[in-house]
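Enquirer: Can you keep this structure in mind? I'll have questions shortly.
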Amino acid sequence: MRNQKGSFEFVMVSETYSADLKGRQSVRTTFKLPPRCIDALSLLAAQLGIKQKSIFDHLVDDTRVLQALAREFEQRQPADQNRVAKTYVISRKTLENLEQVSKRFQTPRDALVEFSIERIMPLLQEEKNKHKNRKKLRSGLDRFLQEGRALLKEADKLLDRDDPAFQRIYQMVGAVSGGHDEIEAIIEKGQGLEEF
């Protein structure tokens, strides 16, 4: 920012702002989690097209929710099952919140993370149902594209290629073909949900 003499003045950054920026720094940390939780986080991130870090931070960043999960810990112990060490990139603030709640309520970090991830299971089930419905539409979409291509072939026999009606049919079939490919990619992306 320039003052009246034309020289720059330096604006002091508040400590709060600085702490907020530091809290957004990414850190790596490892948790031992059931494979189902690891898969759930990975699948949801792929399905929604967002980073696992974003989901992780969203799930674990809310201190009040973490505290509620910590209070439930004694009634709801994690099932003894195989656990896998998995390293995640999360924000420093998220990690600090997690460690504070873990220490205050004497609840293992891994259990808090596991319980937090379990909160996305209904969302994954919803995505799985959407995937099934998309697959039900697949054969109808295939027929729709085939009929459009057949119509384009007929138009090519009956009309000149520079005819405005032919041009519109050509554009329509191109749009249907592009949409068909995009829907196929969406269905392909959801294949991992079938085994979950």
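The values are calculated or read from the model by the stated rules, or taken from the named source; none is laboratory data. The model shown is predicted, which means the values in this text are computed figures rather than measured ones. All Cβ positions, even for glycine, are placed from backbone atoms using ideal geometry, and neighbour counts span all protein chains on display.
Enquirer: Restricting to the range 81-117, give me the number of residues that are of a type in the set (V, I, T) and more than 21 Å from the chain's Cα centre (by Cα). Even if it seems obvious, please write down each step before you answer.
Expert: Taking the range 81-117 first, the residues of a type in the set (V, I, T) are 84, 87, 89-90, 94, 101, 107, 113, 117.
Next, from what is left, pick out any that are more than 21 Å from the chain's Cα centre (by Cα): 84, 101, 107.
Going through the range 81-117 one residue at a time, the tally reaches 3.
Enquirer: Between D156, D162, D142, which is of a type in the set (D, E) and not in a helix (DSSP H, G or I)?
Expert: Values: D156 fails: not in a helix (DSSP H, G or I); D142 fails: not in a helix (DSSP H, G or I).
Going through D156, D162, D142 in turn, the sole match is D162.
Enquirer: Yes or no: N82 of a type outside the set (A, V, I, L, M, F, W, C), exposed (fewer than 14 other Cβ atoms within 10 Å of the Cβ), under 30 Å from K189 (Cβ atoms) and modelled with pLDDT of 95 or more?
Expert: Details: of a type outside the set (A, V, I, L, M, F, W, C): yes; exposed (fewer than 14 other Cβ atoms within 10 Å of the Cβ): yes; under 30 Å from K189 (Cβ atoms): yes; modelled with pLDDT of 95 or more: no.
No; evaluated as a whole, the condition is false for this residue.
Enquirer: Also: Do you know which residues across the range 62-79 are crowded, with 16+ Cβ neighbours inside 10 Å, assigned to a helix (DSSP H, G or I) and of a type outside the set (S, T, N, Q)?
Expert: Listed by number, the residues that qualify are V65, L66, L69, A70.
Enquirer: Name the pairs: first residue in the range 175-195 and surrounded by 13 or more Cβ atoms within 10 Å (Cβ to Cβ) and modelled with pLDDT under 95, second residue part of a helix (DSSP H, G or I) and among the small types (G, A, S), Cβ to Cβ under 7 Å, at least 6 apart or on different chains?
Expert: K189/A46; G192/A46
Enquirer: OK, next. Take the residues of the range 101-135 that are among the aliphatic types (A, V, I, L, M), in contact with a helix residue (DSSP H, G or I) (Cβ under 6 Å, 6 or more places away or on another chain) and assigned to a helix (DSSP H, G or I): which is surrounded by the fewest Cβ atoms within 10 Å (Cβ to Cβ)? Spell out how you get there, then give the answer.
Expert: Step one: list which residues in the range 101-135 are among the aliphatic types (A, V, I, L, M), which gives 101, 111-113, 117, 120-121, 123-124.
Filter once more, keeping what is in contact with a helix residue (DSSP H, G or I) (Cβ under 6 Å, 6 or more places away or on another chain): 101, 112, 117, 120, 124.
From what's left, assigned to a helix (DSSP H, G or I): 101, 112, 117, 124.
Working: V101: 21, L112: 26, I117: 23, L124: 17.
So, considering only residues that are among the aliphatic types (A, V, I, L, M), in contact with a helix residue (DSSP H, G or I) (Cβ under 6 Å, 6 or more places away or on another chain) and assigned to a helix (DSSP H, G or I), the one surrounded by the fewest Cβ atoms within 10 Å (Cβ to Cβ) is L124.
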